[in-house]
Each structure stands twice: as structure tokens, then as C-alpha cells.
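Reviewing the structure listed below.
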Amino acid sequence: MFPVAIFLVIMSGLLHAIWNLFAKQSLNKAVFLWSIQWVAVFAFLPWALAGIWHRHIPLCGWLFLTVTVALHGIYVILLSRTYNAGDLSQVYPLMRGVSPLLVPLIGAFVLGERLSVLGWIGVAGVVVGIWVLGNWRFGNRTFEPRLAPKAVWLALTVGISVTAYTTFDKVSLHYIPAATLNGASNLGNLIALSWSAAQSGAIKAEWRANWKTIILGGIISPGGYLLFLLALHMAPVAQLAPMREIGTVFGTILGILVLKETQGQRRIAAAGLIAAGVILLGTFG
């Protein structure tokens, strides 16, 4: 079953990169992300309801579900702001690389756990990759991001939120069917973005310009994450979550080839370092 889980995770990473490309291409990021949640809610509603109908969910399950839905909502708000501030090929690897870096570091320095030599090499690869993408330098006794500093910091907060919701999703799966958890997350994202979308006055313009990618994104966004949730039933999250970050390479390549973003070789190299680092962490950490 483990090879099947790996395949599902890689496909999940690819689909995640594709719908993030759509989000970056949109006119209004918050409206686009809000719109694809409508598509996702209706497209996956039958499976979400079926999961509740056929399985008893205890009170603690509902509590975990509430927390993870809130964390998904925070994530999608930060995501919309991040894509307003930076290039896809810059911020995408940062967002996806921070999450698998934090968990082992917290374990090593807070919980007293040990990392293997290859695990520490993986940490170094992620850190160097983030450094290269952010174009950081040492000056005036502080580390300053020279390239899109707001985008760098927003991407880091997105990575933290990914860490949080992935952890709670894994726990929630003990009580909540994957399809129901996925559907609830879509609904939470919709609610979280509703105020920004309503205040923007750009809903009609976004649908006129990007209705095709809204519909497609509304299917592959939850569909890709559903593949990841299914994979979590087959293998530990500590192994699968880092492997999913191969999507950093997909996202970077899409940003450079499709969006014609600059610093292509630099960002591909950085994304490769991050992807290799998180795979080492997940496999040997």
C-alpha cells in the first residue's frame, strides 16, 4: 500500500501546484479562492454528507473538525494575501517548505527528540533553499530580505498554518471520514473569504474572466487534498507530508514557464533544495 500512498501524494502535490497557478493568474485573489470554494462545496457535498450518514462521530471528533476548519480558513486568507505580494515561483516553495521543516526542529529543540545525520542535512537543504529564494543578506546586523520582503514573511506564515492544519487533519481522520473532512474544510474556506469577496466588488469580473479555471480549480483543489487525506490512511503523516512538498518544484516550474517569472535558474535550484531537504527529513529524519 505504501507505493500507492506515494503515488497519491505526488499527484496531490501536482494538483496543488496547478490550482495555485490558477490563483496567481486571477484578477482578484480573494474572490478567485472564494469562488472555487463554492464549486468545491457543491461538487463534493454528496460524499461529505454520506460520510456523516454512515459513521457515528463523537463530540471530540466534532471539536477537532472545528479547529481544523478554522485553521484552513486562516490558511486560505493568508494565501490570497501572499499571491498579491509575490511571484508564484518565489512564494510557493517557501509556503510548502516551511511546514515540514518546523515539525522536526520543534521535536529536536523543544521535545528533546533526535534527528539523524541525513535529517540534519535535510534541514540544511531547506534552510539554504529558503535563503536563496528570499535573497536574504547580512547587513546592519540584521537579516533583511531584499526581494519582496512582504511576500517572504507572508509565505512563512502560510507555511506555519499548513503545519497546524495538517497536524489537526491527521488527528481528525481518526473520527471524521476523509470526504467529510475535505468538505468541511471547503466550507470553512468559503466562510473565511466571504467578507473579502463581498467587499471587493469584483465577483462578476472574476467570473467573466476566469470562469473556466474557477470551475477546474474548484474540482482539483479539494480533489488533490482528498488524495492526500486518503494517503494518510495508508502511511504515517511524518513520511507523507514531506513527500508532498515535491509540489514545490512543480509550482516553481509553472511560475517560470507559464507566468514568465524572472530568476528562473535560481528559483528552480532553490525549490530543488527544499524538495530534497524535506524528502530527506521525511525519510531519514
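The values are calculated or read from the model by the stated rules, or taken from the named source; none is laboratory data. Keep in mind it's a predicted model, so treat the numbers as computed, not measured. Neighbour counts are summed over all protein chains in view; Cβ atoms, including those assigned to glycine, are modelled from backbone coordinates with ideal geometry.
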How many residues are within 21 Å of residue 174 (Cα to Cα) and either buried (at least 17 other Cβ atoms within 10 Å of the Cβ) or of a type in the set (Lys, Arg) (or both) when one looks only at the range 13-55?
4
Scanning the range 249-264 for residues that are modelled with pLDDT of 75 or more and part of a helix (DSSP H, G or I) gives 249, 250, 251, 252, 253, 254, 255, 256, 257
The correct count of residues that are more than 18 Å from residue 23 (Cβ to Cβ) and among the polar types (S, T, N, Q) in the range 186-235 is 1
Checking residue 99 against (1) surrounded by 20 or more Cβ atoms within 10 Å (Cβ to Cβ); (2) at pLDDT 75 or above, the condition it does not meet:
(2)
Go over the candidates 241, 198, 235 one by one and state the one that is modelled with pLDDT of 85 or more and of a type outside the set (D, E, K, R).
198
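For residues that are free of Cβ contacts under 8 Å to residues at least 12 places away in the same chain and either in a helix (DSSP H, G or I) or buried (at least 17 other Cβ atoms within 10 Å of the Cβ) (or both), tally how many sit in the range 187-204.
Residues flagged as free of Cβ contacts under 8 Å to residues at least 12 places away in the same chain and either in a helix (DSSP H, G or I) or buried (at least 17 other Cβ atoms within 10 Å of the Cβ) (or both) within the range 187-204 amount to 4.
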In the range 165-186, the residues that are assigned to a helix (DSSP H, G or I) and either among the aromatic types (Phe, Trp, Tyr) or surrounded by fewer than 19 Cβ atoms within 10 Å (Cβ to Cβ) (or both)
165, 167, 168, 170, 171
Of the residues in the range 12-38, those that are within 11 Å of residue 214 (Cα to Cα) and of a type in the set (Val, Ile, Thr) come to 31, 36
Got a number for residues in the range 1-12 being without any contact (Cβ under 8 Å) to a residue 40 or more places away in the chain and surrounded by 14 or more Cβ atoms within 10 Å (Cβ to Cβ)?
0
Could we say that residue 38 is touching a Gly at 6+ places or on another chain (Cβ under 9 Å) and modelled with pLDDT under 90 here?
no
Residue satisfying all of: in the range 66-102; touching a residue at least 24 places away in the same chain (Cβ under 8 Å) and of a type in the set (Ser, Thr, Tyr); farthest from residue 180 (Cα to Cα) among these
89
For the range 56-85, give me each residue that is farther than 17 Å from residue 30 by Cα, of a type in the set (A, V, I, L, M, F, W, C) and surrounded by 18 or more Cβ atoms within 10 Å (Cβ to Cβ).
64, 65, 69
